[in-house]
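Visitor: Quick one: the structure is below, and I'll ask about it shortly.
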Ligand code: FEO
């Protein structure tokens with residue numbers, strides 16, 4: 001059974017994951033309209049992945065006797081400046097998500113809720129991966145600089161960095 005404090009904190013994380021999904025959907029749209037097919041595909045996969053992150057907590061809350069809440073979401077930006085700025089925004093956002101997960105983990109320790117603590121370890125590992133991917137992409141963008149043909153290859157290569165399978169069951 002979840003304490004009301006942990007239930008509230010998990011519902012806050014559900015909202016953050018849902019907003020992450022919205023942000024990456026907005027980025028997919030922006031990239032698609034700029035003709036960056038690979039980047040758009042990457043962002044469409046990201047939006048699905050964040051929805052999976054959201055659903056995983058959602059189901060956990062209900063399984064543990066809480067009430068998972070669908071709340072109103074903040075609308076994301078529609079313009080992300082440049083591809084580099086967009087990935088900088090993505091990295092900053094993932095750092096914010098990591099911080100939020102860390103705070104959540106701290107609450108579970110304070111309350112000795114080891115079941116939720118154990119559940120959250122998946123998110124701790126996932127955040128390390130997400131931040132690393134964003135940094136790798138930014139390194140590539142910085143290497144390319146103003147090289148247009150380099151950017152053309154980057155847009156193709158980024159598809160290889162998609163590691164989310166939307167058909168995979170949520171476990
Ligand atoms: Fe679910 Fe990218 O944080």
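The values are calculated or read from the model by the stated rules, or taken from the named source; none is laboratory data. Since this is a predicted model, take the numbers as computed values, not measurements. For neighbour counting, all protein chains shown are included, and Cβ atoms are generated from backbone atoms with ideal geometry for every residue, glycine included.
Visitor: Please pick out the residue among 43, 54 that is under 13 Å from residue 24 (Cβ atoms), free of Cβ contacts under 8 Å to residues at least 24 places away in the same chain, within 13 Å of the ligand (Cβ to nearest atom) and in contact with a helix residue (DSSP H, G or I) (Cβ under 7 Å, 6 or more places away or on another chain).
Guide: After applying the criteria, what remains is 43.
Visitor: Can I ask one more? State whether the residues of the range 18-26 include one that is surrounded by fewer than 21 Cβ atoms within 10 Å (Cβ to Cβ) and over 12 Å from the mean Cα position of the chain (by Cα).
Guide: yes
Visitor: A follow-up question, please. Answer yes or no as to whether residue 32 is touching a helix residue (DSSP H, G or I) at 6+ places or on another chain (Cβ under 6 Å), without any contact (Cβ under 8 Å) to a residue 24 or more places away in the chain and more than 13 Å from the ligand (Cβ to nearest atom).
Guide: yes
Visitor: Does residue 77 satisfy the criteria of being over 20 Å from residue 12 (Cβ atoms) and surrounded by fewer than 17 Cβ atoms within 10 Å (Cβ to Cβ)?
Guide: yes
Visitor: Among the residues of the range 71-102, how many are free of Cβ contacts under 8 Å to residues at least 40 places away in the same chain and either part of a loop (DSSP other than H, G, I, E, B) or more than 13 Å from the ligand (Cβ to nearest atom) (or both)?
Guide: 4
Visitor: Restricting the search to the range 133-157, which residues are under 16 Å from residue 89 (Cβ atoms) and buried (at least 17 other Cβ atoms within 10 Å of the Cβ)?
Guide: Listed by number, the residues that qualify are 133, 134, 137, 141.
Visitor: Ok, one more. Looking at the range 117-140, can you tell me whether even one residue there is within 15 Å of the ligand (Cβ to nearest atom) and in a loop (DSSP other than H, G, I, E, B)?
Guide: The answer is no, given that none of the residues of the range 117-140 is within 15 Å of the ligand (Cβ to nearest atom) and in a loop (DSSP other than H, G, I, E, B).
Visitor: Same structure, new question: So if I check each of 15, 8, which one is at pLDDT 95 or above, out of contact with any helix residue (DSSP H, G or I) (no Cβ under 7 Å at 6 or more places or on another chain) and more than 13 Å from the ligand (Cβ to nearest atom)?
Guide: From the options 15, 8, the qualifying one is 8.
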